Each structure stands twice: as structure tokens, then as C-alpha cells.
């Protein structure tokens, strides 16, 4: 190699070098996309009670169930008891400096125990030395953080660690996670906030986004979206236009005018709407939305619009592929999607890019949730809250369309129109029809 310097008076100096290195034979690891921490169980081990309580409070505020242990002996006992009860901890966070058995010794004890060795371990220490990360990685730690730790670094570290473990019984071999690696990952990884009130529509969008390698958090109305955007940074927001408490249009207007917390008033906001008339598009633009995507969602269109509005360095996995059918299959599909269709399975599978697992999960959620949605609709109508009944019909229409329940979606659309026209007689008839169509749709969906 070579080394040199270029210097110019009153301009500055440039130092440079070249070095020749052999190609590494060691396999490279693509860092896993962060995963949702809600519902995870963590054990916090620290001899300082105040530190334990503070860390547990942070974790619980983000949906993690956190237990405390004041020393290594108690921690080992709790780890065994949790595993015996079938509730093993997803994460164990250890302080380094503890009397008796310190964090390093406890980590070695856990990794030498056949029943506990696959527990993801996170080391936190106030004293960091050169080479510590490599040493803790060799011991079997999944992550290493130096105190004080920013909350965003802590949460991202735990999220990546949990994703690397993958919820399996066997700990995957991954490079140790540090604050530097999570900050680097943050530069390239995509994080999206999804604001959608219907559980079926949530599942469709979330499934598509996660398959594309996108980290997604879900809220159910515009007010929750604004609160979440104040607390955390996102690359984009997908906003349903019609939501209870605060709709997507009002939420976007307030977002654009906000300077509170971590809110980025210029974040790209994409409207999700079943209305695609020019008037509806104009309303979205006037509210400050950057673009819109039509419901029911299609994976290919969703990925395309995300790529359109993300910085080039951000990565989205394009798992979409062309689905070709011969003319006979196209004819069959057209027949199946006629006005008398109950369940358009080919259309559903095409939108989900033939993801059988997502389709099964979506259908199960739909069949569980839809009776509740119709019950809510009937209650609103019987209490003469026709505006709420109309909004509920709109929700049913979108969820049914996303699941391929074509006849149910069309009946709900007719009901929504009758509600807007205050035609109570027609609404009474259509509500009765909805229940009948749902029964027939369930039978069609459950056919092998």
C-alpha cells in the first residue's frame, strides 16, 4: 500500500492511504429488520433498585412485560421458573457491575446451562473498554450497550436482538448488536407508521410491509398517530382517510403545522382510501398528504408508492412478481368476480402475491371480526345514530374488499349510500342482507 498527503496553503490538507486486503472467506450477515417489541417478556438484572425500576418502566411503556432480579442467583432461578412454566423470557438485560456474580459471570452461567443457553442476552455497562464487544460476543451475548443509553438506541437494540432470535428455541448466530450498529441500521432501514382502525385492513397492510422488510407500527386513529409521531421518528406514514376520533385528513393538517416532540412536519404521508374520485384526491392534497393508494391494497402498488417517496438509501425488499394466467384462467377469474361472487380467492391471492400464510391468517381474522362489526352497525342503527352506522358500513366495505368478500363489500357499499341518503327503510333491509351474505361468504371461504 501507499500513504501520502496533499496540502495547499490557506486551503487545508488531505491525508490518504491505500491498502491491499484479501477477500474475506467469512460469511457476511445481513442485519435483521427490527421487530415489534409489544408482547415480549424481559428480565432486568441489576443490583441497583432505582436503575431496575427505571429500565422496567421504559420497557413497559413500549408494551414489554418486564420482571426484576437483584442479583445473578435470583436471575438464574427466575429464568428456570419461567421456562418450566412455558413462559421463557424473550430478552435478558444484565448490568455488568454487580456484587458477587457480575454480568459477565452471569452470562457465562446462562450460556453453559443447556436449558438456558439460547436466551438472548443484552449487556449494559457504565465502563466500556476497547475489545469488550468482541469479548462479550465470544461469551454468547447478543447485544452490548454502554451507559448512559438513549431510549431510541435501547429500543432499537432490543428490537434487532429479538428479530435476530426470531422467536425460535435456537439462538441464531449474528454479529453482536451495539449502539453503533443500530444507528447504522437506522440510516438504511425503513420504519413506517400505519394508521388504520379496522383490524382486517391492519393485517393486510402490516403483512405486506413486513414481507418487504419494513418495520411497521400500527395505530387505530389520527389522534394516536400524532401522539406516536411526537415520540418516535418514522420515514413515512400510511393514513386511512376515514377513522374514528380523528380522521386522516385532520391528522395530516395538524401534523403539517406541528413542531412538538420528534414530529417531522415534512414526513411523507400517503392516504389510503376506497374513494378514488378526483374530488377525493383533491381533499387529500389540500390536507397536506403527498400521495394516495386505493383500497383494497395490492402489494405491488404499495411497494411502488413506498419506494417513490423514500430516500434512495432506504431499502425496501421488492418481493412482488408478475403473475401470469392463460386466457382460460383469465376467463374463469372474470366469471368468479361477477356480481354474484361471494369470495374472490384468485383476486385475493393476486393482491397478496400468493402468500398462502398471510391469506389464511387474514381470512381467520376476517371471519372472527366481521360478526362484531355487523353487531356494532346494528346497534348504531337501532339507536338512530345513522352517521355512525354509515361510517361502520364504510369500514365493513373496506375490510370485505381487502379479503375478497366481493358480495359483502358491495352490499356494505349500498348500505353506506343508503345511510348518506338517510333512507332508513333501505338500511333496514340491507342490514338483514349483510348477515345472510356473511354466512354464505364464510361457507365459501371455508371450502377446501
message = Residues that are in the same structural domain as residue 378 (by TED's automatic domain parsing) and without any contact (Cβ under 8 Å) to a residue 12 or more places away in the chain: does the range 433-441 have at least one?
response = yes
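Within the range 286-297, does at least one residue satisfy the condition of being assigned to a helix (DSSP H, G or I), at negative phi and modelled with pLDDT of 90 or more?
Initial filter on the range 286-297 (assigned to a helix (DSSP H, G or I)): 286-287.
Okay, now just the ones that are also at negative phi, so 286-287.
Remaining after also requiring modelled with pLDDT of 90 or more: 286-287.
Yes, the range 286-297 contains a residue that is assigned to a helix (DSSP H, G or I), at negative phi and modelled with pLDDT of 90 or more.
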Count of residues meeting criterion [over 23 Å from residue 151 (Cβ atoms) and free of Cβ contacts under 8 Å to residues at least 40 places away in the same chain] in the range 89-125 = 14
task = Answer with yes or no whether residue 404 is buried (at least 22 other Cβ atoms within 10 Å of the Cβ), touching a strand residue (DSSP E or B) at 6+ places or on another chain (Cβ under 9 Å) and under 26 Å from residue 209 (Cα atoms).
result = no
key: Which numbered condition residue 8 fails, given (1) at pLDDT below 95; (2) crowded, with 17+ Cβ neighbours inside 10 Å   = (2)
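Regarding residue 44, is this residue more than 32 Å from the chain's Cα centre (by Cα), surrounded by 10 or more Cβ atoms within 10 Å (Cβ to Cβ) and at pLDDT 95 or above? Don't jump to the end; show me each part of the working.
Working: more than 32 Å from the chain's Cα centre (by Cα): no; surrounded by 10 or more Cβ atoms within 10 Å (Cβ to Cβ): yes; at pLDDT 95 or above: yes.
Taking the combined requirement at face value, the residue does not satisfy it.
What tally of residues in the range 402-417 results from selecting those that are at pLDDT 90 or above, touching a helix residue (DSSP H, G or I) at 6+ places or on another chain (Cβ under 7 Å) and under 22 Å from residue 197 (Cβ atoms)? Lay out the reasoning, then the answer.
If we filter the range 402-417 for residues that are at pLDDT 90 or above, which is where we start, we get 403-417.
Okay, now just the ones that are also touching a helix residue (DSSP H, G or I) at 6+ places or on another chain (Cβ under 7 Å), so 403-405, 407-409, 411-416.
Those left that are additionally under 22 Å from residue 197 (Cβ atoms): 403-405, 408-409, 411-416.
Residues meeting the conditions: 11.
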task = Scan the strands (runs of 3 or more DSSP E) fully inside the range 56-170 and keep the ones with 3 or more residues being under 15 Å from residue 46 (Cβ atoms).
result = 65-69, 91-95, 121-125
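The values are calculated or read from the model by the stated rules, or taken from the named source; none is laboratory data. Keep in mind that this is a model prediction, so the values were computed, not measured. Backbone-built Cβ (ideal geometry, glycine too); neighbour counts: all protein chains shown.
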